[in-house]
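Okay, so here's the structure we're looking at.
The values are calculated or read from the model by the stated rules, or taken from the named source; none is laboratory data. Just so it is clear, the model here is predicted, and its values are computed rather than measured. All Cβ positions, even for glycine, are placed from backbone atoms using ideal geometry, and neighbour counts span all protein chains on display.
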Amino acid sequence: MNIEARLRVLKERISAACEKVKRDPNEIAIVAVTKTIPAQLIEEAYALGLRLFGENRVQEAREKIPQLAHLQGARWHLVGHLQTNKVKYAVKLFSMIQSADSVRLLEEINKRARNKMPVLIEVNTSAEPQKHGIHPVHVSRLLEKALSLEKIEVMGFMTVGPYPVDEKRSRKAFALLREIKEKAEKEFERTFSVLSMGMTEDFEYAIWEGSTMLRIGRGIFGERKQA
């Protein structure tokens, strides 16, 4: 199956998931995750209409994104963990950082960004110790700090679903992120429009629980080479 066929299947599955909960598929953005994916395949995805791309690692992005500067309108999100010593590169490469999960990281982004940097607060909603993301009970405090920083623009929240995928556990984790968003909107009296949750294995569950942004790698590009 090629990229065009995979993308067609993906959009059909998104539409079916939306229909089940009476949502509009146009509410949901697709971030094509390009970890280990070569430039020519990204160009193919771009030609099929994709404009949002996600990289996991700053080092790989530093090599790859300049090769694709000719793709007008393409935007890049950092969807993997960000170390503070890589922030100076990340703020130049990406139009959004989806993995803000500490005061120290937010302060470094604020220090290094030339303009307002859109971020998502990454929350560990599955209580898995190997995962990055702030604990749900600390979100309010981190958000308060983020909103005080001049060059930080908090757009919403991100989480990685539990693994292995299980409908009950997955939906619980995704529902928790939606509840965190709703609570934060009341507490801070503002709208957070982005809920980035759902990947190739679990995105239907994420859609059912309110996701507005999916991070899809294998569902578009197929099995990736080992990094």
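For the stretch 103-130, a residue qualifies if it is crowded, with 18+ Cβ neighbours inside 10 Å and in a loop (DSSP other than H, G, I, E, B), and the qualifying residues are ALA113, ASN124, THR125, SER126. For the stretch 196-218, filtered to residues that are in contact with a strand residue (DSSP E or B) (Cβ under 9 Å, 6 or more places away or on another chain) and assigned to a helix (DSSP H, G or I), the residue that is farthest from MET158 (Cα to Cα) is ARG218.
Scanning the stretch 198-225 for residues that are farther than 16 Å from VAL9 by Cβ and either among the β-branched types (Val, Ile, Thr) or without any contact (Cβ under 8 Å) to a residue 40 or more places away in the chain (or both) yields GLU209, GLY210, THR212.
Taking the criterion of being part of a helix (DSSP H, G or I) and loosely packed, with under 13 Cβ neighbours inside 10 Å, the residues of the stretch 183-195 that qualify are LYS186, GLU187. Name the residues in the stretch 5-35 that are surrounded by 16 or more Cβ atoms within 10 Å (Cβ to Cβ) and closer than 28 Å to GLN67 by Cβ, would you? Hits for the stretch 5-35 are ARG6, LEU7, LEU10, ILE30, VAL31, ALA32, VAL33, THR34, LYS35.
Per-residue answers, yes or no, for (1) in contact with a helix residue (DSSP H, G or I) (Cβ under 8 Å, 6 or more places away or on another chain); (2) assigned to a loop (DSSP other than H, G, I, E, B); (3) modelled with pLDDT of 95 or more; (4) closer than 20 Å to ASN2 by Cβ:
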{"residue": "GLU44", "(1), (2), (3), (4)": "yes, no, yes, yes"}
{"residue": "GLY54", "(1), (2), (3), (4)": "no, no, yes, no"}
{"residue": "ALA61", "(1), (2), (3), (4)": "yes, no, yes, no"}
{"residue": "PRO66", "(1), (2), (3), (4)": "no, no, yes, no"}
{"residue": "GLN72", "(1), (2), (3), (4)": "no, yes, yes, no"}
{"residue": "LYS86", "(1), (2), (3), (4)": "yes, no, yes, no"}
{"residue": "ALA90", "(1), (2), (3), (4)": "yes, no, yes, no"}
{"residue": "GLN98", "(1), (2), (3), (4)": "no, no, yes, no"}
